[in-house]
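To start, the structure under review is shown below, and the notes come after it.
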Amino acid sequence: MGRTYLVVRCPHCGNVMVVLASKRFTCRFCGKESSVAGSQVLFTTNDARRAREVAANIKERARERG
Ligand SMILES: [Zn+2]
């Protein structure tokens with residue numbers, strides 16, 4: 001059974017990142033710890049590469065919006 005990867009949005013700074021499925025994660029951007037339950041989960045997959053692609057696409061779109 002593979003690992004599950006989540007694309008989550010940090011509730012503190014809005015940074016989108018890939019984390020392994022767990023109850024809590026630490027944002028690499030602002031350094032704050034958040035619970036997955038209290039965060040926006042944008043995508044769930046067992047494929048680490050796919051998770052990174054989705055996170056990159058979301059960030060790309062956010063840049064285009066300005
Ligand atoms: Zn953050």
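Data table
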read-out	value
Heavy-atom accessible surface of the chain: percent carbon and sulfur, 1.4 Å	47 percent
Å² of accessible area per residue within the chain, as computed with a 1.4 Å probe and no ligands counted	71 Å²
Radius of gyration and maximum dimension Dmax of the chain, Cα, Å	11.5, 39
Rounded to whole Hz, the Karplus (6.51, -1.76, 1.60) HN-Hα couplings of the range 21-34, x for glycine and proline	4, 6, 6, 9, 8, 10, 5, 6, 8, 9, x, 8, 8, 9
Residues with amide H under 5 Å from that of Asn15, placed H, sequence gap 5 or more	Cys10
Radius 14 Å from Cβ of Ile58, net charge of other residues (Lys, Arg +1; Asp, Glu -1)	+4
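The values are calculated or read from the model by the stated rules, or taken from the named source; none is laboratory data. In this text the structure is predicted, and so the values were computed from the model without any measurement. In this analysis, Cβ positions are derived from the backbone assuming ideal geometry, glycine residues included, and neighbour counts consider all displayed protein chains. Just the protein is used for accessible areas: all its heavy atoms, side chains included, with ligands, DNA and RNA removed. Shrake-Rupley method; radii C 1.70, N 1.55, O 1.52, S 1.80 Å.
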